[in-house]
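Every number here is computed from the coordinates shown, using simple stated rules; none is lab data. This one's a predicted model, so the numbers in the text were calculated from it and none came from an experiment. Cβ atoms come from the backbone with ideal geometry, glycine included; neighbour counts cover every protein chain shown.
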Amino acid sequence: MSEAGAKTPQRTTLITGGTVVNAEGFVRADVLVRGERIVGIGLDQGWSADRVVDATGKYVIPGGIDVHTHLEYPIDGFTTRTADDFATGSVAAAFGGTTTFIDFVKKRPDATLYDTFVERRQIAESKSIVDFGLHAIVPPLAQQEDVHDDLIRLHAEHGVSSWKFFMAYPGTQMVEDDELLAGMDLAHQLSVLPMVHAENGHMINRAAKQLLDAGLTDEVHHVDAHGHAQEAEAVHRAIILAQEVGTPLYVVHVSSERAAAEIAQARSEGVKVWGETCPQYLLTALEDYEELGERAAGYICSPPIREKSNQAALWRYLGADGLSTLATDHAAFCMEQPDDLPPQKLRSPGYFPKTPNGVPGLEDRLMVAWEAGVVGGLLDLCRFVEITSARPAKLFGMYPRKGTISVGADADIVVWDPNSDHVITAAGGHSRTDYNLYEGMRVTGLPVTVFSRGRALIVDRELHEEARSGRGRYIERGTPQLY
């Protein structure tokens, strides 16, 4: 072979001295990476490599997978958007040990879902430093009559194996039951996983009107419009509809004990339904913001952050697999108003219906879950990996390429130091947002070195040159491991 035709040797990395942790178990082992893949796991193999990482006293875990993010995401009729773009958001993800995220595509008013998807994919590919996928949000048919044709095309051409349906926000995003059933039918035919934002939109609108008529417009009253009953009813109904169709179901951002109980009960009966919860529901509470006045806007998301007494049940269900994944629903806004961003959190102080919904958390997810869950005795090591990486990879068609430390998998690897001490602050983070729900929280575990497909993104808590010069890839996802 000529010199011009010779292949460039693939760089090798050897991670030594650590304990490899997967969802199935953990073992003391070295990990050998060649190029983008893991090629060896073992002890005393006599391996050499171009780069050696000493992981003595540390855990070697698969890169985190956050399947629910909203980066440079438009809201309120595309009149504003979240503060993080795909660049800042993916850097924050990497610093937090997350090497893959799945964001959402919402149809632009002046374009089809398919064309909006292609445009958003291109934007993300030009900016993200970690790998990513995209869910399709299914609009009401009144917004695009032939949207099912686009969904079929997105599945075939872009590997979009998950579609999201809103059961909230009548008149804008909500699909009624007949459209939800039709969408589930199509998803089932294509082995696509349907996802639901499960809140009863009509009940919420009724409650909100009653609050506004009574003059209760302050930010803290957002939670009163989004009661436990609104969430539990929609979850129950979605499960029944999915059973009628025969499709599996994924329920996003479960915040209520009552809603989680619906999912756990169905799972105990063999129903193929999985529930996701988020760190904000496990670690922050109504009591944290009920006296903050307009600054309570920083805690507003839907479903809402509920009372502290609700948290214990969510942890219990998460630990026992009544709830199955931990994602963030990262939708970061700023409390102050940067000149280069459209209206942010305080665009309508004192009037909760116009407060942008969403909270940050992409960088903090693994750290706060480790501190409260593993250190706090609510999760074991393997369950931590299961809910933050392995199960998301399986449900969303990425396993075993991602979500596991195993031979042949992508070298998405986090070296986790359980003894590193860190205080979470907004100023010390990498998201564009200017506040943090976990401000001042001390955590005792950190992702100190992070690889994405063998590229060093973070080395000793610093952004590495390989991250600055490289880009993440769009993931065409396969059939979820549940059909």
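For the reader, a short list of remarks on this structure follows.
- Placing R0 at 22 angstrom, the Cβ-Cβ distance between ASP76 and THR217 gives a FRET efficiency of 0.80 after rounding to 0.05.
- Cα gyration tensor, the stretch 208-346 - rounded (a/c under 1.5), prolate or oblate: prolate
- Of the GluC sites (Glu not before Pro) in the stretch 98-145, those whose Cβ has at most 15 other Cβ within 10 Å and which sit in DSSP loop: GLU145
- Summarised as an ellipsoid, the stretch 1-125 has semi-axes of 39, 21, 12 Å, derived from the eigenvalues of the Cα gyration tensor scaled by 5 and square-rooted, with the largest first.
- Think of each Lys and Arg Cβ as +1 and each Asp and Glu Cβ as -1; about the Cα centre, that makes the dipole of the stretch 258-333 roughly 280 debye.
- The share of alpha-carbon pairs in the chain lying farther apart than 32 Å comes to 37%.
- Helix axis angle, 113-127 relative to the chain longest principal axis, alpha carbon, degrees: 40
- Nearest 10 degrees, 0 to 90: helix 147-158 Cα axis against the chain principal axis: 10
- Available extension along the chain between SER309 and VAL118 is 64.4 nm, counting 0.36 nm per residue and deducting the alpha carbon span.
- Antiparallel content of DSSP bridges confined to the stretch 64-395, in %, to 5: 5
- Between helix 177-190 and the chain: long-axis angle, C-alpha atoms, 0 to 90°, nearest 10: 20
- The lysines whose alpha-carbon is closer than 22 Å to the alpha-carbon of LYS58, local same-chain residues fewer than 8 away aside, are LYS402.
- Cut-off 15 Å (backbone N to label point 7 Å along Cα→Cβ of SER406), residues of the stretch 447-483: 481-482
- The chain: calculated mean residue ellipticity at 222 nm from DSSP helix runs of at least 4, using -39500 (n - 2.57): -8000 deg cm²/dmol
- Surrounding net charge for ALA285, when Lys and Arg each add one and Asp and Glu each subtract one, Cβ distance under 12 Å: -2
- Both radii were evaluated on the Cα set of the stretch 393-454; the Rg over Rh quotient, with Rh as the Kirkwood radius, amounts to 1.09.
- Förster-model FRET efficiency, 41 Å R0, ARG461 and GLN265, C-beta, rounded to 0.05: 0.45
- Convex hull volume per residue in cubic angstrom - Cα atoms of the stretch 320-465: 159
- The stretch 356-483: relative contact order in percent, alpha carbon pairs under 8 Å with at least 6 residues between: 25
- 12 Å beta-carbon shell around ILE204, net charge (K/R +1, D/E -1): -2
- Rel. contact order, % - alpha carbon contacts under 8 angstrom, at least six apart, the chain: 21
- Each Lys and Arg Cβ is given +1 and each Asp and Glu Cβ -1; about its Cα centre, the stretch 64-395 then shows a dipole of about 440 debye.
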